[in-house]
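The values are calculated or read from the model by the stated rules, or taken from the named source; none is laboratory data. No experiment lies behind these values; they were computed from the predicted model shown. In this analysis, Cβ positions are derived from the backbone assuming ideal geometry, glycine residues included, and neighbour counts consider all displayed protein chains.
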Amino acid sequence: MTPRAAAMRYARALFDVALQEADVQQVERELTEFASIVEGHEGLQRVLANPAVPVPRKRAVMEELLARTGGITPALSKLLLMLAERDRLMLLPQVASGYRARLLEHAKVVRAEVTTAIPLTPDRLSTLQQGLSAATGQQVQLDSRVDPEILGGAVTRIGSTVYDGSLRRQLQKMKEAISQP
């Protein structure tokens, strides 16, 4: 099993347990914060990623961290200790990302990204977000990027679906049409 697939399984399991036993939003905040702590501490990352460090030592480090942070949801504590026991703590950022995606899916929120040649005003972003919400029937969380290479128009990505309304793509289509016999 790939590390990403394993991380997604852990995230899905944590979400399912949190849905039954805890506040899913609180678990997401705690998981994100804990992953940030680990990512922000180079020495801690080295210890947790080093295969020469025995698993019981990694579990002890995790228990100490949990004791110091205090007040973490029991379901999350169990998952973190399980990851330590299975020597999978380096999956933590991917687990956090997978959990966040599952949380958005549960809340019927879809993430979308729009790429334009120039920055969009907040009013235009809001209008676009409302239009995408109406088209998808879900609440849309919109991220905006600027890429001058698209020349004009917009490229919108919702999940794996891409709507390419860029000037660059339209010019490319015209070129293909002209070069056809």
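Just a few scattered comments:
- Scope region 129-161; condition within 20 Å of Lys108 (Cα to Cα) and either of a type in the set (D, E, K, R) or without any contact (Cβ under 8 Å) to a residue 24 or more places away in the chain (or both); matching residues: Gln129, Gln130, Gly131, Ser133, Ala134, Ala135, Gly137, Asp143, Arg157, Ser160, Thr161
- Scanning region 63-77 for residues being within 23 Å of the chain's Cα centre (by Cα), surrounded by 14 or more Cβ atoms within 10 Å (Cβ to Cβ) and assigned to a helix (DSSP H, G or I) gives a total of 3.
- Residue pairs meeting the criteria (Cβ under 6 Å; at least 6 apart or on separate chains; first surrounded by 13 or more Cβ atoms within 10 Å (Cβ to Cβ), in region 162-173; second assigned to a helix (DSSP H, G or I) and of a type in the set (A, V, I, L, M, F, W, C)): Ser166/Ile150; Arg168/Ile150
- Flag if Arg168 is assigned by TED's automatic domain parsing to the domain that holds Leu19 and over 17 Å from the mean Cα position of the chain (by Cα): no
- Condition met for Glu30 (surrounded by 13 or more Cβ atoms within 10 Å (Cβ to Cβ) and charged (D, E, K, R)): yes
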